[in-house]
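Before any comments, here is the structure.
The values are calculated or read from the model by the stated rules, or taken from the named source; none is laboratory data. Bear in mind that the values here come from a model prediction, so they are computed numbers and not experimental data. Glycine also receives a Cβ, built like all others from the backbone with ideal geometry; neighbour counts cover every protein chain displayed.
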Amino acid sequence: MDASVETALAAAFPDRSVEELVDVGPSWNGGNETVGVDFTDGGRAYLKVALDGDGSRIARERAVLEYVSTRRPIPVPAVVAADPNAQVPYLATAPAPGRDLHEVLEEADDDRREALSYRVGETLAILHAERFENHGEIRGGGGDAGGSGDPPELDVATASWTDTLLSTIEYTREIGTTDRLARHFDAVIDCVESNRALLDVAPAALLHGDIAPPNAFLAEDDGGAASAAAAAGAAGAAGDPGVGLLDWELAHVGDPARDLVRARDQLCNGFDYEGPERFGEAVYRGYRDRAGDLPEGFTERRPVYRVVRVLGRSGFLDQWVTYLDEPMGDLVERIDAELDARLAAAGE
């Protein structure tokens with residue numbers, strides 16, 4: 001057991017005996033380690049540890065989990081224990097009440113995949129209905145979420161949307177596993193800066209920030225509410241419960257269009273190609289049906305966010321090469337061409 005995990009485990013569960021730790025798969029953020037914890041009493045929890053000692057991500061995720069669980073009808077894991085100020089900052093949560101979406105998608109035929117994509121769009125629309133006066137970085141919870149009986153608040157360090165977006169780009173650079181394409185970060189930053197006037201008028205909503213299949217789950221029960229997917233006739237949707245979300249450490253207050261573009265990309269697309277239109281459009285359709293329309297200004301700002309999404313490849317090429325089993329030089333050429341195409345589409 002890693003010493004940091006051992007320290008956090010003892011702090012989070014001083015009175016429970018651990019049977020074993022369970023690997024939960026690879027993470028592309030080297031500052032964290034997450035393990036499943038099986039207790040001798042038969043219980044299970046998940047423990048996230050900030051290996052770099054930075055408790056800000058733990059404070060953010062705990063605050064957002066508590067906020068969403070009381071304010072939005074979106075399934076999320078319950079917080080069991082957390083201390084962002086500990087020697088080894090940690091967050092412990094109960095198991096997600098449902099099946100990992102990545103696992104469900106692996107088994108799904110095309111009709112069910114379309115229905116699940118639709119459900120993700122619905123979930124995002126529900127989340128983005130939580131609006132704020134200003135954009136900014138979430139630092140933690142504001143006020144006392146426990147004693148007063150009032151719903152928890154979020155402590156948001158307000159900033160322009162452009163500056164908030166640039167902060168997320170710098171964080172991507174920080175956690176990136178290779179700097180081989182550092183020039184891509186500079187080009188993307190220039191693109192964002194040149195579109196400041198367009199970006200800063202965007203609405204301010206609560207964003208998840210990382211809607212990848214491993215960060216979502218198919219909930220066991222959606223409360224019995226009839227889904228808009230069934231009403232819209234989405235194939236296979238009638239029997240599916242809702243989609244819940246976990247891993248909220250990248251949450252921030254920003255343009256809902258950015259979250260929606262990222263979700264479609266992470267759910268449907270490959271390294272440098274668009275996935276089947278059927279699935280991507282299902283995400284948008286689910287959003288429209290729940291929210292009434294796509295986010296205000298979506299069409300105008302979407303090209304900028306597609307430029308930003310390239311960094312999810314550029315900063316992690318050594319991770320992608322293990323999945324794609326292709327020479328690094330070929331991936332560099334392909335993603336260079338993709339960035340150029342997206343910059344051109346954004347008018348750069």
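Return the total of residues in region 285-322 being in contact (Cβ under 8 Å) with a residue 60 or more places away in the chain, of a type in the set (G, A, S), over 18 Å from L181 (Cα atoms) and not in a helix (DSSP H, G or I).
1
Looking at A226, is it modelled with pLDDT of 95 or more, assigned by TED's automatic domain parsing to the domain that holds L165 and aliphatic (A, V, I, L, M)?
Here the answer is no, as A226 does not meet what is asked.
Rundown of residues vs (1) surrounded by fewer than 18 Cβ atoms within 10 Å (Cβ to Cβ); (2) of a type in the set (F, W, Y), yes/no style:
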{"position": "R57", "(1), (2)": "no, no"}
{"position": "E66", "(1), (2)": "no, no"}
{"position": "R72", "(1), (2)": "yes, no"}
{"position": "V76", "(1), (2)": "no, no"}
{"position": "A81", "(1), (2)": "yes, no"}
{"position": "T93", "(1), (2)": "no, no"}
{"position": "A96", "(1), (2)": "no, no"}
{"position": "L124", "(1), (2)": "no, no"}
{"position": "F132", "(1), (2)": "yes, yes"}
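Going through region 36-51 one residue at a time, which ones are part of a strand (DSSP E or B) and within 15 Å of V79 (Cα to Cα)?
Hits for region 36-51 are G36, V37, R44, A45, Y46, L47, K48, V49.
All but one of (1) modelled with pLDDT under 95; (2) touching a helix residue (DSSP H, G or I) at 6+ places or on another chain (Cβ under 8 Å); (3) not charged (D, E, K, R) hold for V188; which doesn't?
The one condition V188 does not meet is (1).
Looking only at helices (runs of 4 or more DSSP H) that lie completely in region 53-161, which have at least 2 residues being closer than 16 Å to V253 by Cα and assigned by TED's automatic domain parsing to the domain that holds N269? Give the derivation first.
On the way: elements: 56-71, 101-107, 110-128.
Because the criterion is at least 2 residues that are closer than 16 Å to V253 by Cα and assigned by TED's automatic domain parsing to the domain that holds N269, the helices (runs of 4 or more DSSP H) in region 53-161 that meet it are 110-128.
Condition first: within 24 Å of the chain's Cα centre (by Cα) and not in a strand (DSSP E or B). Now tell me which residues in region 9-25 satisfy that.
V24, G25
Residues in region 237-257: is at least one modelled with pLDDT of 95 or more and in a helix (DSSP H, G or I)?
Yes, because at least one residue in region 237-257 is modelled with pLDDT of 95 or more and in a helix (DSSP H, G or I).
Tally time: how many residues in region 29-44 are surrounded by 14 or more Cβ atoms within 10 Å (Cβ to Cβ) and within 20 Å of the chain's Cα centre (by Cα)? Talk me through it step by step, then tell me what you get.
Start the filter on region 29-44 by keeping residues that are surrounded by 14 or more Cβ atoms within 10 Å (Cβ to Cβ), which leaves 29, 31-39, 43.
Filter once more, so that each one left must be within 20 Å of the chain's Cα centre (by Cα): 29, 31-36.
Qualifying residue count, region 29-44: 7.
Scan region 261-284 residue by residue and report those that are at pLDDT below 95 and either closer than 21 Å to R131 by Cβ or assigned to a loop (DSSP other than H, G, I, E, B) (or both).
Matches in region 261-284: N269, G270, F271, D272, Y273, E274, G275, P276.
I'm trying to understand the selection: among the residues of region 289-313, which are at pLDDT 95 or above and of a type in the set (G, A, S)?
Within region 289-313, A291, G292, G297 meet the criteria.
Surrounded by fewer than 20 Cβ atoms within 10 Å (Cβ to Cβ) and in contact (Cβ under 8 Å) with a residue 60 or more places away in the chain: is that true of D325 in this structure?
No: the conditions fail for D325.
Of the residues L311, L317, only one is in contact with a Leu (Cβ under 8 Å, 6 or more places away or on another chain) and closer than 20 Å to E170 by Cα; which?
L317
Take I138 and tell me if it is crowded, with 21+ Cβ neighbours inside 10 Å, touching a residue at least 40 places away in the same chain (Cβ under 8 Å) and either of a type in the set (A, V, I, L, M, F, W, C) or within 27 Å of Q319 (Cα to Cα) (or both).
Considered against the rule, which asks whether it is crowded, with 21+ Cβ neighbours inside 10 Å, touching a residue at least 40 places away in the same chain (Cβ under 8 Å) and either of a type in the set (A, V, I, L, M, F, W, C) or within 27 Å of Q319 (Cα to Cα) (or both), I138 comes out as yes.
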